[in-house]
There are 2 protein chains.
Amino acid sequence: MHFVRINMTSQEAKIEPVPSNYAGLGGRGLTSMFLAAEVNPGCYALGEENKVIIAPGLLTGTSAPSTGRTSIGAKSPLTGTIKESNVGGLAGQYLAGHGIKALVIEGLPQEKHAWVLHINGTGVKFETKDNLAGLGNYEAVEKLRAEYGDKIAVISVGPAGEAGAAIATVAVSDMEGRPARHAGRGGMGAVLASKGIKAIVLERPDKLIVEAVHNGEFKEKAKDFAKALSESKKGLTTYGTAMLVNAINAVGGLPTRNFSSGHNDRADDIGGEKLHQLCTERGGSTGHACSRGCAIRCSNIFHDAEGNYVTSGLEYETIALLGSNCGLNDLDGIARLDRLCDDLGIDTMEMGVALGVAMEGGALPFGDFERMTAAVTEVAHHGSLGRILGQGATVTGRVLGVERVPAVKGQSMSAYDPRALKGTGVTYATSTMGADHTAGNALPGRGGLKPDQVDGQVDLSRNLQIWTMVCDMLGVCIFVGPLPDNMPVFASLASAFSGEKITEEMLIAQARDILKAEQAFNAEAGIGAAFNDVPGYFRTEALPNNGLVFDIPAEELKDFRY
Amino acid sequence: MHFVRINMTSQEAKIEPVPSNYAGLGGRGLTSMFLAAEVNPGCYALGEENKVIIAPGLLTGTSAPSTGRTSIGAKSPLTGTIKESNVGGLAGQYLAGHGIKALVIEGLPQEKHAWVLHINGTGVKFETKDNLAGLGNYEAVEKLRAEYGDKIAVISVGPAGEAGAAIATVAVSDMEGRPARHAGRGGMGAVLASKGIKAIVLERPDKLIVEAVHNGEFKEKAKDFAKALSESKKGLTTYGTAMLVNAINAVGGLPTRNFSSGHNDRADDIGGEKLHQLCTERGGSTGHACSRGCAIRCSNIFHDAEGNYVTSGLEYETIALLGSNCGLNDLDGIARLDRLCDDLGIDTMEMGVALGVAMEGGALPFGDFERMTAAVTEVAHHGSLGRILGQGATVTGRVLGVERVPAVKGQSMSAYDPRALKGTGVTYATSTMGADHTAGNALPGRGGLKPDQVDGQVDLSRNLQIWTMVCDMLGVCIFVGPLPDNMPVFASLASAFSGEKITEEMLIAQARDILKAEQAFNAEAGIGAAFNDVPGYFRTEALPNNGLVFDIPAEELKDFRY
């Protein structure tokens, strides 16, 4: 395994041996330790000093199930913090297959071009493809596949990233070659675009499966784990993450109309069963895998009423935030907005929350699909409202004069109201990444706690953040579960993979070290413990549906340590 | 002396004795210690929890020269820090004359009205004047004078504050009854407007001069000091602060086209001599006093070519930032923009810097007076560019994708490029108020240092910040000079005023305590030492006119202590 260090100022690539201190790391473990070592926390996120690092998880590319994640890290233009956002699709498995432990992208090009990096087993070609500049991800990937063949995996940025939107994603192509998988959070697309990169084309490696040191043992354990997963995750396979719409509505925490309520009367219209029905009726599918070897297959392919493809991977967070939170209770509309966001390269979550804030601020009406479509489109085309929304919910609230902005450290909340799901609220408040459920999501039932109880949520969130870091290091999808029961399995897989004895305790200790390094980076960037809380109104304004406020003691959040 | 505590939720006013811990304080000393004690640093600046405190300086209202300052404090919606902005005009002297040590304004009204607080010696009347809502300061004050008579002093907010712009000022009427004096920085106008207040009408007190405890001694010292000032400040009296245009250009630090140069070839066209000439020729004046008893009289009255009043108090900062920094080298244009900003209640400095950033971002061309006028007007009327500019330079840079934003802690720099005037750069970086020359301005020659030398600037800035705090406590205008030579005079005036022995050392110690309290407030608000630096590009991109970069060691700024 090696690093590929790409200098966009000189358009040169260097193959480097992996420094020994990074040897046991992958995914977010690698991206965060690398950024902590090499990037000035105070730098301008879209400038010369920032670096993008793209790293498959430690087990990505192996036969272990649901390990296809790729971590993309940089200092975030949205939050000013260290950031990692991970994504499925094929890119991580292809990188691992080429023996690439990480792509490191540095510098800024002197001239404006749409660069395509063409990577195979032997090196990197720098190609200018100015005809791709400004194209949506779908069209750009189609053109690239026409040129390079349909076996490639593509990492790309859409026009929102090219426009500098801090809510821009990095798209990764899926098993069907569509740019439907996104590293959504924290504006990684804007950073990659600032480096002049439109796309990274990865040739399919000769050897598709990365072998473990103790390969027989590894394959056996992987097979057993895959079987257990596919048996225990049937709900996700059938309904996708959209099954959470009704579940979170039932606990009174489904974001509705800019988090003004946690209950949506029309949740059934946008829930998992309805999604399953539409996907099945119209020739789409559920049970779709976003990357090779997934045992859960929570993705889906969504068609319109005429049976034409609209989007893939229509997820709970998108449905709740672009839908319920914006007063849009119609899966067809939400699916079209999801496709538009995927095409432009926009985080559907931050967009949904920013739109909710803009709706409260009177910039457009709740539930108006046409106006929402126009506003989202403007993000990529320098429209005035679009430029504002493109900087996320916090800036939108500031410019439009809205106090009620559901965000922490400059990043919008995910689709769980922290008053009803207090453990997730603790994660929002304390995570190194801003409000981000993927940093440690206390779903109902986790840790044996009721989601609205106060006691125990800080410890639960801390543990979930640590367990999630283990998943993110290994490249394990969070739908496998950042759960204590999985830790022995992860340790045994990591041991068989590396040929070294890796215990559960070692994984936990490593995860804590990485979280501490992220915290230290943020403190140097000025985003310290003072920012460890949800906005004050969550503590004073009760949810109308259940009377709950967020009442985790503020001191416990300020004093939060890993 | 007493506090008047005004509750805008219940429209009640209470007269309170001054708590003993505030007895020796005035001006910024009082506003900051009060905010540190009573306001949650994490609160939403335009919400229920924030408070506005308006306090004349300790010597304001006395016969001591150039002591007419009024401090207005609140948590800032622009910077998120504690904020004090002080202003001339008559309000402070009237407040002191009524025995009011501070007005404290709390709460939020339930219904939207334009409230006018009518204050005389006996109490406060709450009057709704919805016909004033949205009016410019000039028209509003004219209507108030028509109703209440022309002896009143008026504190008011313009439509920019009513629109929630974080760059909104609080206007104070001058000796001619015009709202030409502004507490400009940090958005105090938005906070006052959030409380529902359009104006505070102060009746003229029966007793115009506040008497000292040792009144004879005080009057004598005051008279001597006034004489010394009027002899030493003749340049300011003749040319106003505009005399700095050529002086700062000469040291290569005059902000020009978004701080891309420190030299403006056309400085003569907007300098002090030109201003003096136009004021004199057209029936305006220089040597104008903004408040009663000023020995310096650096203000002016500017007329247009037809001899009609345009604006008053056309200052260096306005000329440099709305003029030179925006590529507008025409005093008539600058004066009209100054009038427009005064009328709408907009900080001319933040506006000039935000416009410079917007010009670099391509939103409007440099030097285009008509487009500038339209953009400024939009701030008060929810125009799309206006809403962005109304949140200041930092938000403007974020939304328009401009890296080069000359601001610290969310507040724009003043009209001194920190590469050429490094002591002022240290103040920008370390001040509790964001980039603000009024916190401690290292003008050429101060402390015997060359403005571009590195050694000694941190100590000079620290001392200037402390000496400036002494001025701000006493209500002494900074043009008197935050200089060591003045400290014994201030101590003897304070002693004679209070009847207690106040030494120079006591003033300095008190100033340091207040600065530390401000720092502590900011740290709790999350704006700690990590934010103590100028933007990185000032360290890497040299001024083209002299090759200077900002090279004060970053560690000295991070470790800065009072």
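We did not get these values from a lab; they are worked out from the coordinates using the rules stated. On a predicted model such as this, the values are computed, not experimentally measured, just so you know. Don't worry about glycine lacking a Cβ; one is built from the backbone with ideal geometry, like all the others, and counts go over all protein chains shown.
Project the alpha carbons of region A:361-486 onto their principal axes and report the range along each, largest first, in whole Å.
So the three principal-axis extents are 49, 31, 24 Å.
Starting from the alpha-carbon convex hull of region B:223-558, give the projected area averaged over all orientations, in nm². Numbers along the way, then the final one.
Numbers: hull surface 68.0 nm².
Convex hull of Cα atoms, orientation-averaged projection: 17.0 nm².
Cross-link candidates for A:LYS83: which aspartates and glutamates have Cα within less than 13 Å, leaving aside residues fewer than 8 places away along the same chain?
A:ASP436, A:ASP472, A:GLU518
Can you give me the distance in nm between label points at B:ASN131 and A:SER384, each placed 7 Å from the Cα along the Cα-to-Cβ direction?
3.2
In nm, one decimal, shortest first: how far is the label point of A:GLU555 (7 Å from Cα along Cα to beta carbon) from the matching points in the other copies?
Label point to label point, same position, other copies: 3.5 nm.
Starting from 0.36 nm per residue, how many nanometres of slack lie between A:ASP513 and A:LYS450 once their C-alpha separation is accounted for?
Additional length available on full extension: 19.7 nm.
At 7 angstrom along the Cα-to-beta-carbon line, where would the label on B:ASP224 sit relative to the other copies? Give the distances in nm, shortest first.
Copy-to-copy label distances at B:ASP224, shortest first: 9.5 nm.
Which residue of chain A is nearest the rotation axis onto chain B, counting by its Cβ, and what is the distance in whole Å?
Nearest to the symmetry axis by Cβ: A:SER384, 2.
With +1 on the Cβ of every Lys and Arg and -1 on the Cβ of every Asp and Glu, and nothing else charged, how large is the dipole of region B:223-558 about its Cα centre, in debye rounded to the nearest 20?
The dipole magnitude comes to about 320 debye.
So the label point sits 7 Å from Cα along the Cα-to-Cβ vector; using that for B:GLY307, what distances do you get to the other copies, in nanometres, sorted shortest first?
Counterpart label points of B:GLY307 in the remaining copies fall at 8.6 nm.
Average partner chain C-beta neighbours within 10 Å, per residue of B:356-363?
Mean inter-chain Cβ contacts per residue within 10 Å come to 1.
Suppose every K and R has +1 on its Cβ and every D and E has -1 on its Cβ; what is the size of the dipole of region A:339-384 about the Cα centre, in Debye to the nearest 20?
On the way: 2 positive and 8 negative charges, 16 e Å.
Approximately 80 debye in magnitude.
Would you compute, from DSSP H runs of 4+ residues alone, the mean residue ellipticity of chain B at 222 nm, taking -39500 (n - 2.57) per run and dividing by the full residue count, rounded to the nearest 500?
-11000 deg cm²/dmol
Are any of the pairs A:LYS143/A:LYS207; B:LYS233/B:LYS274; B:LYS151/B:LYS198; A:LYS274/A:LYS450 more than 21 Å apart by Cα-Cα distance, and if so, which? Write out the running numbers ahead of the final one.
Values: A:LYS143/A:LYS207 26 Å; B:LYS233/B:LYS274 19 Å; B:LYS151/B:LYS198 19 Å; A:LYS274/A:LYS450 27 Å.
A:LYS143/A:LYS207; A:LYS274/A:LYS450, as the Cα separations exceed 21 Å there.
Relative contact order for region B:242-314: what is it in percent, counting Cα pairs under 8 Å that are at least 6 residues apart?
Values: 115 pairs, mean separation 15.3, N = 73.
Taking the mean separation of contacting Cα pairs over the length of region B:242-314, I get 21 percent.
Using 25 Å as the Cα-Cα cut-off, could you pick out the over-long pairs in A:LYS422/A:LYS501; A:LYS101/A:LYS221; B:LYS14/B:LYS195?
In this structure, A:LYS422/A:LYS501 exceed 25 Å between Cα atoms.
In percent, how large is the relative contact order of region B:19-153, given Cα pairs closer than 8 Å and 6 or more residues apart?
20
How far apart, in nanometres, would the label points at A:ASP304 and A:SER230 be if each is projected 7 angstrom from Cα along the Cα-to-Cβ direction?
3.5
Roughly how many whole Å is it from the C-alpha centroid of region B:249-319 to that of region A:423-491?
Value for the Cα centre distance between the two parts: 61 Å.
Please tell me the relative contact order of chain A in percent, rounded to the nearest whole number, where contacts are Cα pairs under 8 Å and at least six residues apart.
Worked out over chain A, it gives 16 percent.
Find which of A:THR62, A:GLY362, A:ALA520 sits farthest along the positive direction of the dipole of chain A, computed with +1 on the beta-carbon of Lys and Arg, -1 on that of Asp and Glu, about the Cα centre.
A:THR62
Around B:ALA166, under 14 Å between beta carbons, what's the net of Lys plus Arg minus Asp minus Glu among the other residues?
Counting the neighbours of B:ALA166, the net charge comes to +3.
When Cβ neighbours within 10 Å are restricted to other protein chains, what is their mean count per residue of peptide A:382-392?
What the average comes to for A:382-392 is 4.
Taking the number of other C-beta atoms within 10 Å as the exposure measure, put A:LEU322, B:LEU35, A:LEU364 in order starting with the fewest. Please report the intermediate quantities before stating the final value.
Values: A:LEU322 28, B:LEU35 24, A:LEU364 18.
Ordered from fewest to most neighbouring Cβ atoms within 10 Å, A:LEU322, B:LEU35, A:LEU364 come out as A:LEU364, B:LEU35, A:LEU322.
Where does each of B:14-27, A:71-84, B:229-242 land if you order them by average Cβ count within 10 Å, highest first?
Output ranking for B:14-27, A:71-84, B:229-242: A:71-84, B:229-242, B:14-27.
By the gyration tensor of its Cα atoms, with a ≥ b ≥ c the square roots of the eigenvalues, what is the shape of region B:2-202: rounded for a/c under 1.5, prolate for a/b over b/c, or oblate?
Rounded, since a/c falls under 1.5.
Just going by the charge dipole of chain A, with Lys and Arg at +1 and Asp and Glu at -1 on Cβ, which of A:THR348, A:CYS477, A:HIS382 is farthest out on the positive end?
Highest projection toward the positive end goes to A:CYS477.
Checking the a/c ratio against 1.5 first, then a/b against b/c, what shape does the Cα gyration tensor give for chain B?
Numbers: a/c = 1.29, a/b = 1.16, b/c = 1.12.
Taking the square roots of the gyration eigenvalues as a ≥ b ≥ c, chain B is rounded.
Evaluate E = 1/(1 + (r/R0)^6) for A:GLU541 and B:SER10, where r is the Cβ-Cβ distance and R0 equals 22 Å; express this FRET efficiency to the nearest 0.05. Intermediate values should be presented prior to the final figure.
Numbers: r = 21 Å, r/R0 = 0.94.
Given R0 = 22 Å and the Cβ-Cβ separation, E is 0.60.
What does the average come to when, for each residue of peptide A:396-403, you count the partner chain Cβ atoms lying within 10 Å of its Cβ?
6
Using +1 on the beta carbon of Lys and Arg, -1 on that of Asp and Glu, and nothing else charged, what's the dipole of region A:2-202 about the Cα centre, debye to 20?
On the way: 19 positive and 17 negative charges, 73 e Å.
Here the size comes out at about 360 debye.
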